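Engineer: Questions regarding the structure given below will be posed in turn.
Derivation of every value follows stated rules applied to the coordinates shown; laboratory data play no part. In this text the structure is predicted, and so the values were computed from the model without any measurement. Note: ideal-geometry Cβ built from the backbone for every residue, glycine included; neighbour counts use all protein chains shown.
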Amino acid sequence: MAASADSDPWSLETASTTPLWIDRLDPPVARRPGLDGDLDVDVAIVGGGFSGLWTAYYLQRLEPALRVAVLERHHCGFGASGRNGGWAVGELAGSVADYARRSSPSESLHLLRAVFDAVDEIDRVAAAEQIDCDYAKGGTIRVARTAPQAERQAAEIAEARSFGLTECEIRLLGPDEAREQLNATDVRSGILFGPSAVVDPAKLALGLACAAEASGVEIYEQTRAIGIGDGAVQVAAEGARGSPAGWGRCEVRAPVIVRATEAYTRDLRGQRRDILPVYSRMIATEPLPDEIFDDIGLANRPSFADDRRMVTYGQRTADNRIAFGATGVPYSFGSRIVPNAETHSGMHHRIWRVLAEMLPQVDDARITHRWGGVLGIPRNWLPGVRFDPRTGEGVLGGYVGEGVAASNLAGRTMAELIAERDTERTSLPWVGVSSRRWEPEPLRWLGVRASRALLDMADHRELRSDRPDRLLSGIAKLLRGGH
């Protein structure tokens with residue numbers, strides 16, 4: 001089937017803008033009641049995404065006598081946790097080299113392998129709690145489709161070997177072997193990364209919330225945190241203080257407060273510059289016949305991407321769709337989170353064109369869903385876990401879009417830090433990582449937009465010339481702060 005990437009499917013305009021994962025939930029999301037007055041607990045966790053839920057889940061098992069409450073503005077899994085690409089990949093946004101500079105190469109490798117284990121831990125918990133989240137550990141296949149991309153893949157493998165990663169964990173594929181995994185156009189080489197699985201993220205998030213609640217965790221949805229300080233979380237909750245038609249103010253007091261708000265940190269008083277909210281968007285096809293996948297590959301449901309700088313990510317879902325996403329124009333002035341930006345039709349058309357050009361086999365497929373959401377980026381681009389036992393303040397996150405597996409490790413580690421357990425996780429080199437704040441506007445907007453534009457230009461020039469564009473990508477890297 002020939003690709004017609006210059007034209008877009010009519011179905012894009014009629015596709016549902018509800019995230020595929022949330023739209024398919026059976027039964028649909030039923031929001032829990034909001035907080036109806038002041039509350040005193042032992043641990044208050046702000047944010048009902050993966051980070052907050054994993055923290056609550058493990059903490060309740062370590063210390064069942066503790067009273068633990070999760071406060072969520074919408075419903076659990078509403079944000080990035082319920083609308084991401086479903087990649088439970090054993091990677092961190094920071095490289096092995098980044099964390100080695102904070103500790104040592106061996107400690108950095110230990111951290112990376114702890115994320116590898118988190119990929120399997122998700123499966124263990126899902127099985128134990130009977131969470132049907134369509135988990136499939138098929139690895140990740142990334143194909144190089146230009147000479148510069150192939151050059152970068154070879155360098156990545158050389159670096160991986162220098163740090164001690166094995167062939168079973170990550171290996172370079174020739175073009176024929178790569179096409180067996182993903183029969184994309186213009187394949188030059190591929191990387192097969194073993195410690196990686198795909199999931200339905202909304203099923204996982206809602207199943208995890210139910211498991212945490214069944215163990216004794218209190219979950220208050222429709223409860224918006226306004227500020228954190230002086231041993232309390234100030235919240236606005238729907239129906240609080242006898243105001244059923246509106247949002248009332250109340251307070252949650254706790255000796256331990258964990259901030260698990262990722263991109264939505266910008267909504268907390270005084271923290272707008274702590275984490276940069278950046279948009280990513282996705283589309284999903286109708287279920288495709290098996291013969292299409294006989295041509296495409298993806299037999300074991302690996303996640304997939306190519307190695308352009310505009311990050312792409314896809315998976316074959318359990319019901320034979322292609323769910324595919326990419327970063328685009330990423331940032332709104334003032335770190336604003338604007339819901340209509342999630343359904344920006346121009347960006348969804350662009351993502352479709354990338355998919356159709358990469359996999360012309362799906363060119364005639366109907367697009368049933370298109371959606372978006374925000375992920376969080378710290379200024380140093382390094383995710384981390386911090387807990388201060390003197391103040392009782394904990395912070396985790398900053399995953400830069402790679403949080404499905406990393407959040408499991410982070411939440412488990414945060415629970416152990418709060419419970420004062422000395423484990424192999426509590427001494428990992430991302431524990432204690434902090435970042436300076438982002439620049440004030442308009443410098444923040446100019447820097448983010450300029451670096452994104454330069455990376456896009458570098459991608460286009462490499463596609464046209466088949467030669468690396470180190471100048472533009474180098475300037476973009478400097479604008480991003482060297483990461």
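Engineer: Calculate the FRET efficiency for GLU177 and GLU107 from the Cβ-Cβ distance with a Förster distance of 35 Å, rounded to the nearest 0.05.
Structural biologist: Efficiency at R0 = 35 Å is approximately 0.55.
Engineer: Okay, next question. Over the chain, consider all pairs of different Cα atoms and compute the Kirkwood hydrodynamic radius from their mean reciprocal separation; express it in Å, one decimal.
Structural biologist: Taking every pair of different Cα atoms in the chain, averaging 1/r and inverting gives 22.8 Å.
Engineer: Same structure again: Please list 82-92, 123-133, 268-278 highest first by mean number of surrounding beta-carbon atoms within 10 Å per residue.
Structural biologist: Final packing ranking: 82-92, 268-278, 123-133.
Engineer: Give the share of C-alpha pairs in each 10 angstrom bin for the stretch 313-445, from 0 to the last occupied bin, in whole percents, shortest bins first.
Structural biologist: Spelled out per bin, shortest first, that is 10, 30, 27, 22, 10, 1.
Engineer: Follow-up. Work out from phi, with θ = phi - 60° and the Karplus expression 6.51 cos²θ - 1.76 cosθ + 1.60, the ³J(HN,Hα) of each residue of the stretch 384-394, listed in order in whole Hz, and give x for Gly and Pro.
Structural biologist: x, 10, 10, 9, 10, x, 6, 9, x, 9, x
Engineer: State, as an integer percentage, the relative contact order of the stretch 109-251 based on alpha-carbon contacts under 8 Å between residues 6 or more apart.
Structural biologist: 23
Engineer: Given the DSSP H assignment, sum -39500 (n - 2.57) over each helix run of at least 4 residues in the chain and divide by its residue total; what's the result at 222 nm in deg cm²/dmol, nearest 500?
Structural biologist: -10500 deg cm²/dmol
Engineer: Same structure again: With labels modelled as points extended 7 Å from the Cα through the Cβ direction, what inter-label distance (nm, one decimal) is found for GLU393 paired with ASP186?
Structural biologist: Here the modelled spin labels are 4.9 nm apart.
Engineer: Stokes-Einstein D for the stretch 227-332 at 4 °C, 1.567 mPa s, Kirkwood Rh over Cα pairs, in µm²/s?
Structural biologist: Taking Rh from Cα pairs, D becomes 72 µm²/s.
Engineer: For SER162 and ILE226, what does the FRET efficiency come to when R0 = 51 Å and r is the distance between their Cβ atoms, rounded to the nearest 0.05?
Structural biologist: E(calc), rounded to 0.05, equals 0.60.
Engineer: Relative contact order of the chain: what whole-number percent is it, with Cα pairs under 8 angstrom and at least 6 residues apart?
Structural biologist: About 25 percent, as a whole number.
Engineer: Next up: For LEU25 and THR423, what is the calculated FRET efficiency with R₀ set at 41 Å and r taken between the beta-carbons, to the nearest 0.05?
Structural biologist: 0.75
Engineer: How many angstrom lie between the C-alpha centres of the stretch 312-379 and the stretch 385-464?
Structural biologist: 22
Engineer: Using amide H atoms built in the peptide plane, which far-off residues or other-chain residues are under 5 Å from ILE45 H to H?
Structural biologist: Here ALA69, VAL70, LEU71, VAL258 satisfy the definition.
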